[in-house]
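The values are calculated or read from the model by the stated rules, or taken from the named source; none is laboratory data. In this text, all values refer to a predicted model and were calculated from it rather than measured experimentally. With ideal geometry, Cβ positions are generated from the backbone for all residues, glycine too; neighbour counts draw on all protein chains shown.
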Amino acid sequence: MALPTLAYWVKKQTPDDYIAVIRRGLAGTVSGVEAHLTKVVRRLDARADSMNAIIAERDAISRAFASRWNATVPSTQNFPSASPPSDLIQRLQTGRMPWFQSGKEVLRQKESQWVSQRFFQLDELLVSELRTVASIWSRALPAKVASPASQPPALIAGIQDFAQGLDRASPGEGPLVIQVGEAAWAVDVVVPHLGSAAVSGLTTQIAAGLPPASPFATLVDLVQDGGFATDHRTSVESTVVRLLALLPAGLLKVHLFDPVKVGASLKFLSDLGDATRAAIADVRVVAADLEPLLDDLTRHVARVTQQYLGSRHSSLAEYNRAAGEVAEAYHLLVLMDFPTGRVDDDVMRKLDTLVKAGPACGVFTLILSADPGRYSFGLPVLRNEVWDDPAKMIPRMRGVLPTLPSGSSQVTVDNIRSKDWRRYISLRPLVFWRGSSWTPSTAPEVRSLVARLDRDISGAKPRSISPSATAKRLQAMPGRGRDASPDDPSTWWRKSAAHGVEAAIGVTGDRDVATVVLESAGSEPGLIIGGQPGTGKSVLLHALVCDLVRNYSPRDLELYLLDPKQGVEFTVYATGKLPHAKVITVKAPPESTILVLEDLIEQIAARGELFRNTRTPSGANPDKLDDYLSVPGVRPLPRIVAVIDEFQALLNTGNDDTSMRASGLLDRTIREGRAFGVHLVLATQSLQGITHLPAAVTNMIGSKVVLRVSEDDSRIFLGPQDLDAARLGKGSGKAILKRPGIDKREIQVTNETKDSAHKTAKAVAMKASNPRRPTVLDFSRLRPPTKLSAKCDGRNGLQLLVARGMGVSESVMARLPLNEDGHLLVVAGPGRGSASAPSLGTLSAMLATCVVAKVPFDVVDFGDLQTPFDLALGEMQRTIASPQRRFARKNLFESYLDQARALAQQSGTKASTRRVLFLTNTHRSRDLIDGGDVAYKLSELLEVAATGRVHVVLHSDTGAAASRILANADMLRQFGARLFARMDSDSSYQLAGSNEAERLVGDELLLWEQTGEKTKAVSFAPFDAKAWARIAQ
């Protein structure tokens, strides 16, 4: 069973209760001290009586002499020859007075000597009594005082300053009060002392103290005390170790400044795993690093003060109790061997400021110094094994110390003979502190703790807030009753997008919600999101999308979810059939997103035309979507939000023309789209190194959400001197939100996972009465075409489906006109698959569309037998072959050429039959490559075939082979359409006139046409047997 955590400190054994027990025990000790002193005084009663008698006799002599002679009483002197009578007082009072003056003078002198001598004798007696009194006091102390009746209970593991049970302590939150060493309370007793053999030598001396029977734990309250300064190294190590054991993983960050031992002062930190050390430790070993460290922590204090505390919370600990799952981490500054070297005044002032302002903001300081009193900066000072003034005790522990009876610092005969020790005995309290008695660097419990910390950090889920918790906060805010609850679809779609859309993406503070706005009228037309890999950028995008689709209906909001870096993050919305999404890309190349942006530009233009044909009630054209939607009876238009993840991939394609094309589209969409309700959300890992970044991205989009990025990127995203985003914890889910006209805030992003996003998409699709399925441009794997078509008319020739488009349109058609260049060249090899995917996929699409359009064809294959291509071609032949759809081997090539030529010459453009001759794997034909007779027959066919409605589709595996074949009789010019997979540079220039085919990647294809138009595409997947069977039917 796990030991109690800091929370147990509150519920079962509070620090105040513990202190109260100590206070009661010390109060009992004080009673024992008082009883002992009273007992000693009783032993001095006889001495006091004797001194009273001496003083009384002296007073009587003085009064009698003054009355008899009406003169000043003589001083104390020693007249050995004078022998005062025993009845001196009676003689002075009633003795005979001479008649003559001379006799009187002689008698006065004699009696004066008697009085002086008697005074001398009485002083000796008084000194003797005082000597006895001082001797008794010196022997009476020290004395054993009874132990207090109430003893404090044992502290729990982790709270107590011992290793035992530390590795089993269960981390949790609670009061940050722990033991640091132990203290003893003692009393110095100031007693009479006779410094010389005269009453004038009466003074004081400090006798041995009267300590309690046992020491007690010294409790440090980090929030109230701020930490401590000490000269005891082990106490600092012990405090750091136990705080890490007691607080949850990641809730404490240790900043160690250790220039003397270069990081070895807290050895256990070096044993932590890399991830754990990065999460909980910041070790600085260079003297020059201190000032930047203080600056970072001071900025953190300022941020916590402004963002979390304000007027609502007195401390970060109080805020964390209210914030719950989004609690802010504490920071512990540990200065070892301070100061080392020369520390300038600026550093001292900054440290003083941090020590005073830090505790309330969760920044605590431990200082190890040879002179902790001098370098405490107001922190409690703990000197090891030194008796010290209780006023220097830790503030929380001062209440433990009892109030002593007020004694007098004046020791006089009158006070001594009063029989009241309080009149001449002084009690001076002292405190003795002893540091931690165990050594963390060698304790096996600490080794176990290190292993546990590694497990906790590696297995810990980032502190996060759920979508429901975010929504609950939002709904609790004034005027937010229409916001959707993620768990209740009946609350969805209650907001209008007429004046913009708003999305809750996280929380800030203990009750505020972070939102972003996309609007036409205000200063927030778009949004930029930044974050390094692993910082939670995908989670943020899901939070944004899911909150939008829960609050706005598909009628009001249309989404484009695009990833030009071939990502799969938006797959969950495709499989969930999100009705808001018009286009979703999966594993898409940049070209696909560029084509979608072009579609957006067309929509902006269409909306512009619509606005020009619309009149508001005032008779003017609407300036923006808000105005248009306010016109009664107009056709509803949804607000469009295009979310582009890794948008920098559009601008760093490696092809300047393509990148500049994308840059121009982004720039136009940002500048022109806002008025027509088209908004961009651009997400990226970094804004550095983007050579074609449009100015509108940085100049017109002021709203930014930035997760952890590099320092350089933080300056680009947030401002030239702003490093706040670089200081965020990696994987913490925290981000900096910057919106125009609103103070910059640190937020905790809503934890919208892939699973929850998928559930939301499915729930939204179920809620929609007639859900629209998104167009999914899924390039994660090759697929057969979903629609088969071929266009064939008498004026424009033939259009064949050859590849899959990268944009919204799935079909890429090769146009084969009725002229001398109405033929198609296909250069495509096996690609990445094992079944000649690009070449077979393209051939499958063309053959299938010919079947659907009822266009006769002949296929002549020059390839080897029993290859994957041959087997696939055989499957096609078995399924779709007919007299009008023939398949043959290369031995029938010349026969088919002759038939095709005869058909082409039959009746020119008035022929009733159109036919396509497919020549596949021509790179395997030696006759064609070497330019034999068959090659010249092919060239003759090409001259007349297209005008006679016979089109030739020539396929080669390699560009080099195609170049050699078509070099014969200059056949290349007759192929007005050319479809290429990736080729070598020479072949690309020879066949396409540029190196564009060389720059293709993966299974990308490039369709080149004689008109100069170039279209990127990808191959379809080859058809399986079932697909061919359906086509044949």
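With a cut-off of at least 1 residues that are within 20 Å of GLY576 (Cβ to Cβ), name the strands (runs of 3 or more DSSP E) lying wholly within segment 494-553.
Output list reads 501-508.
Going through segment 99-133 one residue at a time, which ones are hydroxyl-bearing (Ser, Thr, Tyr), touching a residue at least 60 places away in the same chain (Cβ under 8 Å) and more than 17 Å from ASN415 (Cα to Cα)?
none
Those residues that are under 19 Å from ILE55 (Cβ atoms) and of a type in the set (Val, Ile, Thr), I need them from segment 73-99; list them, please.
Within segment 73-99, VAL73, THR76, ILE89 meet the criteria.
Looking only at segment 282-328, which residues are of a type in the set (Val, Ile, Thr), modelled with pLDDT of 85 or more and either assigned by TED's automatic domain parsing to the domain that holds VAL507 or in a helix (DSSP H, G or I) (or both)?
THR298, VAL301, VAL304, THR305
Out of curiosity, is LEU6 more than 30 Å from PRO171 (Cβ to Cβ) and either within 60 Å of the chain's Cα centre (by Cα) or not charged (D, E, K, R) (or both)?
no
Could you tell me whether any residue of segment 72-89 is over 30 Å from LEU141 (Cβ atoms) and in a helix (DSSP H, G or I)?
Among the residues of segment 72-89, at least one is over 30 Å from LEU141 (Cβ atoms) and in a helix (DSSP H, G or I), which makes the answer yes.
Residues in segment 412-465 that are among the basic types (Lys, Arg) and under 20 Å from LYS39 (Cα atoms): how many?
The total comes to 5.
Within segment 515-547, can you find the residues that are closer than 25 Å to ASN699 by Cβ and aliphatic (A, V, I, L, M)?
Result: VAL516, VAL517, LEU518, ALA521, LEU527, ILE528, ILE529, LEU540, LEU541, LEU544.
Mind listing just one residue for me: the one in segment 151-170 that is outside any loop (DSSP other than H, G, I, E, B) and hydrophobic (A, V, I, L, M, F, W, C) and, of those, farthest from ARG447 (Cα to Cα)?
Among those residues, the one meeting the criterion is ALA169.
Being surrounded by fewer than 22 Cβ atoms within 10 Å (Cβ to Cβ) and within 23 Å of the chain's Cα centre (by Cα) narrows it down to one of GLU328, GLU318, so name that one.
Testing whether each residue is surrounded by fewer than 22 Cβ atoms within 10 Å (Cβ to Cβ) and within 23 Å of the chain's Cα centre (by Cα) leaves just GLU318.
Which of the residues that make up segment 28-86 are surrounded by fewer than 17 Cβ atoms within 10 Å (Cβ to Cβ) and of a type in the set (Lys, Arg)?
Residues satisfying the conditions are LYS39, ARG42, ARG43, ARG63.
Scan (1) of a type in the set (A, V, I, L, M, F, W, C); (2) closer than 25 Å to SER994 by Cβ; (3) exposed (fewer than 15 other Cβ atoms within 10 Å of the Cβ) for the single condition LEU650 breaks and write down its number.
It is condition (3) that LEU650 fails.
I'd like the residue in segment 534-585 that is farther than 12 Å from ARG772 by Cβ and of a type in the set (D, E, K, R) and, out of all such residues, is farthest from the chain's Cα centre (by Cα).
ASP556
Looking at segment 563-590 only, could you name the residues that are in contact with a helix residue (DSSP H, G or I) (Cβ under 6 Å, 6 or more places away or on another chain), within 21 Å of THR753 (Cβ to Cβ), aliphatic (A, V, I, L, M) and outside any helix (DSSP H, G or I)?
LEU578, ALA581, ILE584, VAL586
Can you name the number of the only condition in (1) surrounded by fewer than 19 Cβ atoms within 10 Å (Cβ to Cβ); (2) at pLDDT below 75 that GLY209 fails?
GLY209 satisfies every listed condition except (1).
Can you spot a residue in segment 705-723 that is of a type in the set (Lys, Arg) and over 24 Å from GLY567 (Cβ atoms)?
yes
Just for segment 480-491: of the residues that are in a loop (DSSP other than H, G, I, E, B) and farther than 25 Å from VAL705 by Cα, which one is nearest to the chain's Cα centre (by Cα)?
ASP487
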